[in-house]
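Heads up: the structure comes next, in structure tokens.
The values are calculated or read from the model by the stated rules, or taken from the named source; none is laboratory data. As the structure is a prediction and not an experimental result, all values here were calculated from the model. Cβ placement follows ideal geometry from the backbone for every residue including glycine, while neighbour counts extend to all protein chains displayed. These area figures cover heavy atoms from the full protein model, side chains too; ligands, DNA and RNA do not enter into them. Shrake-Rupley method; radii C 1.70, N 1.55, O 1.52, S 1.80 Å.
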Amino acid sequence: MSTLRVKEPTADNRGETVSIDVNGTTVKGLTSESISVTLYANGIKFFDRSKKLYRPRGFFSLHPQARTVMINVNGMLATNPSEIYLTEGLKVHIQQKRPLSMHFFESMIDTSLLHKPIVKNRLIWPLALRFIANSINNPEPAEYETPHSIPTIVEKADLVVVGGGVAGLSAAIEARKYGLETLLIDDVELGGEMLCDELEPPGMSEPGCVFARNLRKKALELGVRVLSKTTLVGFFEDAVLAFSPHPLGSGTPYIISAKAYVVATGAVDLPCIFANNDLPGIIDASSALRMLSIHGVVPGKNVAVLGATERGLRLVEHLKKYAVNTIVLDKSKNGAGKGDIVRGVKEIIAIGKDKVEALKIKRDGEELKLNVDCIICAASTNPDIKISAQAGAKITYIKELGFVPIHDLFMRTLKSNLFVAGGASGSPYGILHVIEGRIAGLSAAISLNKTDAEAERDALVKEYRSLLQKFGISDPKEKMFRYFETKVVPDEKITEPPTLFCSGPRRNAFVCFCEDIRLWDLYRSVSVYGFTCLEKVKRSTGIGTARCQGRLCLVNSALYIAYITGLSPNVVGIARQRPLAISIPINVLAAMGVNKA
Amino acid sequence: MRIAIVGSGIMGLSSAYNLAKLGAKNIVILEKEYLSYGSTVRSASRFRVHFWTEENSRFALEAKKIMVSLSSITGWNVLVTTGGYLWLLFSEEQIKAFREKNKMWERLGIAGKFLSPSEIKERYPYIHTDDVLEGFFGPQNGSCFHNYVAFGYYKAAARLGAKLFERSPVERVLVENNKVVGVELPQGKVEADVVLLTAGAWTDDLLKGLGIMLPTEPERKEMALTESYKYFIEPLIIDLGTSAYIGQALKGEILGSIEVPVKSGLLPLENTLDFLVKWARAVYKRFPALRGARVMRCWSGYYSMSADSSHIMGRDPEWPEGLYVAYGDSGHGFMMGPLIGKLLAKNILYGEIDELMRPFLPTRFKEGKLIPEKLVIG
């Protein structure tokens, strides 16, 4: 089996080498890796079959909240492979065969059937429906006992920072300087994506990973308390809940109680939409970078990167260091960037049986075929608004920033004592994340009356403004600062969504990987039923209602609907964000004592 | 006749469809947010025929007939299944009461079946039955997909000429010379000869603006939903010990709720951890097989509770002419909605009061003819 490992992992805790069993074959990996990474490193990209159409699926993103694929581990079918770290002797089973009946009945479980009374016969329909329900590739609930009482830990702090990237770390450090009890909650690894950046980020004079490590060290030295591998699950009316999943089931719930919150949850790489974009081997830029820098695993030998964006081009530079053949595909006809860039791409078709093997590109009057083993989506990102929206921030769409919580120069949102910073506020560059984090931390200290250091804040804001100028995102940000004052929702028109590499509403271009919802389903909901608001499209197609809770699909859907209807994305809207951010087993919830703090 | 319907939930949409089908022109539906924003799309999407009172049971029986044929009527497949309702009984009083009621249900042709704990175990091995005394199974009851019911009605009404205006919050009903003349919106006025208030929990405020007081109030209810699992829970199971219930959608999500004491009123549509934990505890105890199921999402919506927990439809002759209501459904509006719309349409157009509808008129409160419905779930 070919291995994609190119170097020793740089994870601080490398862990030990252990063996796991995958469909009867022994595979070696490290205890610092999740199952996803180990399998990928060993060339296994196909983890499970999709829910309705039984298509082969691998992970799209390694982020624990992007739960688009489940895997059978130790007999438990509904396990998130990106959340479980290796232990000796784990047994992974991959269902490779497609049930024979599916070949005949594929059209029956097509979601379109649900819209049509094609079976009006009241005797046949219940049987057909039963068949459909039983044909869905759903797992059985995992069976395990946990100790009946799981301690619920109550964490009190002045300030809670959600997200441990450089924005979150900077906010925590700043708040700590002014004496705030600060708790930082991070779901992956303290340091965020900059920890994976081996090059110098724009505007910085040292490699991102060095900077992030130093920042992390400083935060810990200053006494910032940290809950790592923990996700902030939801802002409930009576409590704020966080959850730290344990391997295979259970986990630790935390009740969080704070006077102010800084949300620095970063941004989400949006999946690109093209034919067969659900094939295993199509991943997001952040996972590719993480695998490479932290785990020493290259995403492939011949890689196509979608989007000649800053993000995409930087990723290519990283890949080149490890002798990976890369090609960048971009929609625009012209633009900056050197190297192998194919421009003016109109349509992409991924080819492969159970993983990506090749790529067909259509552009003006020509068709190209490339042999690739990995496609990386780096065309566009959107702030992760799951937590900020739930906490009460108002969301608006601004073309250059995406769907973003409305905030002002002091990083305040329209909800009192809720601040945003970094990628979660729509800023693209690490250096901006740092200063935004600092402003947010200081603003929190000021609003909690811990300091009156407004002169310091004004100085920071001045520096921030000049950085925004320097990086050319002054206009959209200033526009938003004005919305904060006027509270009027802007009317933004969009052209073709940056993630769309598809000329028509194809039936094999997937928008939602959890529920097998295609571009075609969205198109029909809009054009046949006339629904133009995302809430209604969501209710007629089921988009955004499954395991990943709309993390990967809602923004793409909203932009696509806006594109085909010509409406402003603010009219289409983004669906309401509800708790929980990640799902929690019933046994954990049942064992919790609700201590309202 | 110009008809303004306030609210685009199942009540408003089925009324609009039936009015249009009977030939009414100039129907506008005014919705404050978007199509079916309120309680319809937040419902558990179940229907049942077993109610504590004969009036409600008869009504629900007719409503079910429409519900199961809705796919043919509206052209949207509403995914009807009849998995039944299973009530788990924990005390002799409960059993006695259900046996008593079953006589009435038998008379109506909807007798249920009493199941011993061992029979329950055999049919539904995932239920923990050690402390269950008996179960009552109503096989006539079932589920359908609420979104497609609403959208189907809307599309059918729209085909017949009814017009929907979204983001049009009605602020008050305009009355002149004891006759409704229209409704007022921030955008302007809509003139109408008939105003039908089907705004669910928000109806109270509109009625209050007219000085009409009916004994109703909104109550916030919360629901939770798990990730998708193999379809194995066919009935809706109600645990009368804890008042929790669960059911499974065809796509595989297990949804449910539990009664938690809350203040009435239009509380924000948020969720409490208190609810989630209580529901999880009830599920943990009753359904050991679901202990590893993962709760994915929760949401909340309003029950429009009336004093006797039965819906209110039609008008009081003392009200301004042309004013009708359909609300106060106390949690079973979704299942009654198809029939409410049908009967109300005849009432509005021809002044006809159907025998099924008569007990539910708003005049029942001052006449003291209440329909004390005790079988409210959730």
Worksheet entry | Directionally averaged shadow of the range A:448-523, computed from the convex hull of its alpha-carbon atoms, nm² | 9.6
Response to the item:
Expressed per residue, the solvent accessible area of the protein assembly as shown in Å² (1.4 Å probe) is about 35
Worksheet item: In the range A:292-429, how does Rg compare with the Kirkwood Rh, expressed as the Rg/Rh ratio over alpha carbon atoms?
Response: 1.08
Response to the item:
In nanometres, the difference between 0.36 nm per residue of separation and the alpha-carbon distance of B:Leu349 and B:Met1 is 124.4 nm
Item to complete: With 19 Å as the limit, write out which pairs from A:Lys394/A:Lys462; A:Lys259/A:Lys450; A:Lys301/A:Lys369 have Cα-Cα distances beyond it, or answer none.
Response: A:Lys394/A:Lys462
Worksheet, complete the sentence: Note, B:Glu134: beta-carbon cut-off 10 Å, +1 each Lys/Arg, -1 each Asp/Glu, net -1
Practice prompt. Determine the gain in length on full extension of the stretch A:Phe481-A:Glu454; use 0.36 nm per residue of separation and subtract their C-alpha separation, reporting nm with one decimal.
Written response: 7.9 nm
Practice prompt. Kindly express, to the nearest 10 degrees and within the range 0 to 90, the angle between helix B:146-159's C-alpha long axis and the longest C-alpha principal axis of chain B.
Written response: 30
Worksheet, complete the sentence: On complex formation of A with B, accessible surface lost, both sides summed, probe 1.4 Å, nearest 100 Å², amounts to 5600
Discussion item. Considering all projection directions equally, how large on average is the shadow of the alpha-carbon convex hull of the range A:507-597, in square nanometres?
Written reply: 7.3
Item to complete: Report the calculated FRET efficiency for A:His246 and A:Glu140 (r = Cβ-Cβ distance, R0 = 25 Å), to the nearest 0.05.
Response: 0.75
Practice prompt. At a temperature of 37 °C and a viscosity of 0.692 mPa s, determine how fast the range B:277-372 diffuses translationally according to Stokes-Einstein, using the Kirkwood radius over alpha-carbon pairs as Rh; express D in µm²/s, rounded to the nearest whole number.
Written response: 206
Worksheet entry | Relative contact order of the range A:1-74, pairs being alpha-carbon contacts under 8 Å that are 6 or more residues apart, as % | 22
Worksheet, complete the sentence: Spelling it out for B:Phe47: with amide H atoms placed in the peptide plane at 1.01 Å from N, the residues 5 or more places away or on another chain with amide H under 5 Å from its amide H are B:Gly142, B:Ser143, B:Cys144
Worksheet item: What pairs in A:Lys538/B:Lys64; A:Lys487/B:Lys155; A:Lys7/A:Lys45; B:Lys208/B:Lys263; A:Lys45/A:Lys386 have C-alpha atoms more than 23 Å from each other?
Response: A:Lys538/B:Lys64; A:Lys487/B:Lys155; A:Lys45/A:Lys386
Worksheet, complete the sentence: In Å, the C-alpha Rg and Dmax of the range B:21-107 are 17.6, 55
Worksheet item: Angle between the Cα long axis of helix B:10-21 and the longest principal axis of chain B, 0 to 90 degrees, nearest 10?
Response: 50
Worksheet item: In whole angstrom, how long is each semi-axis of the equivalent ellipsoid of the protein assembly as shown, when you take the square root of 5 times every eigenvalue of its Cα gyration tensor and sort them from largest down?
Response: 48, 32, 29
Practice prompt. Consider all pairwise Cα distances in the range A:382-445 and report the whole-number % of them above 14 Å.
Written response: 50
Discussion item. Please list, ordered by chain and number, the residues whose modelled amide H lies under 5 Å from the amide H of A:Val6; skip anything fewer than 5 residues away on the same chain.
Written reply: A:Val297, A:Val298
Worksheet item: Using bins 5 angstrom wide from zero, how does P(r) for the range B:170-227 break down, in % of all Cα pairs?
Response: 4, 15, 24, 21, 12, 8, 6, 5, 3, 2, 0, 0
Worksheet item: Whole-Hz Karplus ³J(HN,Hα) for the range A:522-535, in order, using 6.51 cos²θ - 1.76 cosθ + 1.60 and θ = phi - 60°, x for Gly and Pro?
Response: 5, 4, 5, 4, 7, 7, 7, 9, x, 7, 10, 9, 4, 4
Discussion item. Please report the carbon-and-sulfur percent of the accessible area for chain A; probe 1.4 Å, protein heavy atoms only, DNA, RNA and ligands left out.
Written reply: 51
Worksheet entry | ³J(HN,Hα) computed for each position of the range A:250-265 - Karplus, 6.51 cos²θ - 1.76 cosθ + 1.60, integer Hz, glycine/proline x | 1, x, 10, x, 10, 9, 9, 9, 9, 8, 8, 10, 10, 9, 10, 7
Worksheet item: To the nearest 10 degrees, how steep is helix B:92-107 against the longest Cα principal axis of chain B, on a 0 to 90 scale?
Response: 60
Worksheet item: Direction-averaged shadow area of the convex hull around the Cα atoms of the range A:20-77, nm²?
Response: 4.4
Worksheet item: Tell me, what ³J(HN,Hα) does each residue in the range B:69-75 have, in order and in whole Hz, if you take phi through Karplus 6.51 cos²θ - 1.76 cosθ + 1.60 with θ = phi - 60° and put x for Gly and Pro?
Response: 9, 4, 4, 6, 5, 9, x
Discussion item. I want the antiparallel fraction of DSSP beta bridges within the protein assembly as shown, as a percent rounded to 5.
Written reply: 65
Fill in: Computed accessible area, B:Lys179, all protein chains, 1.4 angstrom probe, square angstrom
70
Item to complete: List the extent of the Cα atoms of the range B:159-297 along each of their three principal axes, largest first, rounded to whole Å.
Response: 63, 38, 23
Worksheet entry | Viscosity 0.890 mPa s, temperature 25 °C, Stokes-Einstein D of chain B from Kirkwood C-alpha radius, µm²/s | 116
Response to the item:
Over the protein assembly as shown, the sum of -39500 (n - 2.57) across DSSP H runs of at least four, divided by residue number and rounded to 500 deg cm²/dmol, gives at 222 nm -8500 deg cm²/dmol
Discussion item. By the 4.7 Å beta carbon criterion, which cysteine residues of chain A come out unpaired?
Written reply: A:Cys196, A:Cys209, A:Cys374, A:Cys502, A:Cys514, A:Cys533, A:Cys548
Practice prompt. Using only Cα atoms, figure out Rg for the range B:91-219 and give it as a multiple of 2.2 N^0.38 Å.
Written response: 1.69
Practice prompt. Quick one: among B:Ala157, B:Ala16, B:Ala293, which has the greatest mean-square fluctuation in a GNM of chain B with alpha-carbon springs under 10 angstrom?
Written response: B:Ala293
Item to complete: Give the relative contact order (percent, whole number) for the range A:496-597; include only Cα pairs under 8 Å separated by 6+ residues.
Response: 23
